[in-house]
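Quick notes on the structure that follows.
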């Protein structure tokens, strides 16, 4: 069954372009919203698998719309779209419950990949936002490095680094010559060791601890 996708952006031409490209990529575009208020209402009524949500919209911005969608208990995954790699936007989007964070200069292929990953529960960051995230975490103090319970295995470090580089689960599996199930098992172990709920938090913590780097 095709992934049910909803678009939320106040620019009609951009919505039309996204609708065409995402439909061509095999997604079922079931609705479009022109502002945050409409996005909240449509998300509740249509229950899409994924929403591509613009950050800057009238009446209610995308981050607040995401927060309200997630606060309602809606299982919809939200991928934020932004014009600029802004640290505050990224931080607020994470707190609001978004699972993906892309800048609008991403290619159609990158957006389609992000939607697919989001539908599967994976987090994705565009390279620009990954750099922004690195700038943010560099401001944080490093935790106690003597805490052995926070140390991941060498293989888990390799998985984390590839995730930090923006690789999807299938890409990690291909690069490390392991199965996707094994990758997911490693991720589950990483989440537990780093006290993280998803990829974004795991990468943030791993960068803080000096386990991986963002380039």
message: Here is a check on your reading of the model: is residue 126 within 16 Å of the chain's Cα centre (by Cα), modelled with pLDDT under 80 and crowded, with 19+ Cβ neighbours inside 10 Å?
response: yes
query: Is it true that some residue in region 76-83 is out of contact with any strand residue (DSSP E or B) (no Cβ under 8 Å at 6 or more places or on another chain) and over 17 Å from residue 14 (Cα atoms)?
result: no
field: Out of 102, 52, sole residue that is at pLDDT 95 or above, under 18 Å from the mean Cα position of the chain (by Cα) and part of a strand (DSSP E or B)
entry: 52
In region 1-23, the residues that are outside any loop (DSSP other than H, G, I, E, B) and either within 23 Å of residue 123 (Cα to Cα) or not assigned by TED's automatic domain parsing to the domain that holds residue 74 (or both): 4, 5, 6, 7, 8, 15, 18, 19, 21, 22, 23
- prompt: So is residue 203 surrounded by 18 or more Cβ atoms within 10 Å (Cβ to Cβ) and over 17 Å from residue 100 (Cβ atoms) or not?
  reply: no
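Does residue 88 meet the test of being more than 14 Å from the chain's Cα centre (by Cα), assigned to a helix (DSSP H, G or I) and at pLDDT below 90? Step through it out loud before you land on a result.
Values: more than 14 Å from the chain's Cα centre (by Cα): yes; assigned to a helix (DSSP H, G or I): yes; at pLDDT below 90: yes.
Answer is yes for this residue.
Determine if region 11-32 includes at least one residue that is farther than 22 Å from residue 109 by Cα and out of contact with any helix residue (DSSP H, G or I) (no Cβ under 7 Å at 6 or more places or on another chain). Even if it seems obvious, please write down each step before you answer.
Pass one, region 11-32, residues farther than 22 Å from residue 109 by Cα: none.
No; the residues of region 11-32 include none that is farther than 22 Å from residue 109 by Cα and out of contact with any helix residue (DSSP H, G or I) (no Cβ under 7 Å at 6 or more places or on another chain).
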- prompt: So which residues in region 37-56 are within 11 Å of residue 10 (Cα to Cα) and either outside the structural domain of residue 12 (by TED's automatic domain parsing) or touching a strand residue (DSSP E or B) at 6+ places or on another chain (Cβ under 7 Å) (or both)?
  reply: 39, 53, 54, 55
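The values are calculated or read from the model by the stated rules, or taken from the named source; none is laboratory data. Just so you know, these numbers come straight off a predicted model, no measurement behind them. Cβ atoms come from the backbone with ideal geometry, glycine included; neighbour counts cover every protein chain shown.
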